1. Once the dipole of region 135-226 is set up with Lys and Arg at +1 and Asp and Glu at -1 on Cβ about the Cα centre, which of VAL217, VAL179, GLN142 lies farthest towards its positive end?
2. Compare the peptides 50-63, 120-133 by average per-residue count of other Cβ atoms within 10 angstrom and give them in order, highest first.
3. Which order do the peptides 213-221, 177-185 take when ranked by the mean count of other beta-carbon atoms within 10 Å per residue, highest first?
4. So if each residue of separation counts as 0.36 nm, and I subtract the Cα-Cα distance between THR182 and GLU156, what length gain in nm does that give?
5. Using the eigenvalues of the Cα gyration tensor, what equivalent ellipsoid semi-axes result for the chain when each is taken as the square root of five times the eigenvalue, whole Å, largest first?
6. For the chain, what does the helix formula give at 222 nm: sum of -39500 (n - 2.57) over DSSP H segments with n ≥ 4, over the residue count, nearest 500 deg cm²/dmol?
7. For the chain, with all protein chains present and a 1.4 Å probe, just round the carbon and sulfur fraction of the accessible area to a whole percent.
8. For the chain, which DSSP H helices look membrane-span-like by this rule: Cα extent along the axis of 24 Å or more and mean Kyte-Doolittle of at least -0.5?
Amino acid sequence: MTTTNTLELLHRHDSRCWWDHLQAHWVCPPESRTPDRPPVDVRDMLLVHTALLREFRLAPAAVARVPLGERRRARAVGRHLDLLADLLHGHHEGEDDLLWPVLRDRVPGAALPRLAAAEAQHEGIDAALERVRTARRAWGEQVDGTTRTALVEALEELHALLAEHLDLEERTLLPLAAVHLTEAEWAAVGEHGAASVPKPALPLVMGMFAYEGDPEVLTTMLAAAPAVPRVLVPLIAPRLYARHAARVHGTARP
């Protein structure tokens, strides 16, 4: 006789299963206990989250290290902040347009409050991001103590909101995305994020991802790229990020 544990091992979660984070186990309707398809690999989003969270955590100190009146250093850090802001905006725009609507139509009703909470957090993060942009422009013009303090505080607020949001997303929504989206639907989310990055900045951004990223996931992310970038980017991206980090953070290994 097949035991329940054996059935669990044989069962492959399908689009009707969902992760109950309160009880810390999968909820699988009986009719779904037949092989369907493996979950989508969502590790690429974890890699993006790690890079964004690290860079926004380090950003206040990067601003604080710029001496008063040092406009050249301020421009370098300011360009870094602009890149981070654009990355975060493009990442969230892809989720708003391509991820949340699909999940809303497919997840069980019990999961909808978590989805609504994540969407509300996006609104709060967007507002905080706009405060960072405003403070960054003022600091770039003045490079004085008042504008520096305002920018540091805005960045610290944004990082706190982002950390809370990414924790919710990774614990409760990415497991749902893994079983409710198709490979093509998930790929569209990543392609939107990549398309939002200016092409000259792509190697540097890949270097940000590679700094703490799983090489296997990075290889997967580059799988659809033309042959030359697919070979060269893994070689040059880490060095580009190291030089960039040295300018912005004062060390090649922040």
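1. The listed residue farthest towards the positive side: GLN142.
2. By packing density, highest mean first, the sequence is 50-63, 120-133.
3. Details: 213-221: 15.2, 177-185: 17.6.
With the highest mean Cβ count within 10 Å placed first, the list reads 177-185, 213-221.
4. Values: separation 26, 0.36 × 26 = 9.36 nm, distance 3.61 nm.
Extra length from THR182 to GLU156 when fully extended: 5.7 nm.
5. Result for the chain: semi-axes of 38, 21, 14 Å.
6. The helix contribution divided over the chain gives -23000 deg cm²/dmol.
7. Numbers: 7650 of 13120 Å².
For the chain, the apolar C and S fraction of the accessible surface comes to 58 percent.
8. Length and hydropathy pass: 43-64, 145-168, 227-249.
The values are calculated or read from the model by the stated rules, or taken from the named source; none is laboratory data. Quick caveat, the model's predicted, so the values are computed rather than measured. Here Cβ is always computed from backbone atoms with ideal geometry, including for glycine, and neighbour counts include all displayed protein chains. The protein model used for the area step is the full one, side chains on, heavy atoms only, and it has no ligands, DNA or RNA in it. Shrake-Rupley method; radii C 1.70, N 1.55, O 1.52, S 1.80 Å.
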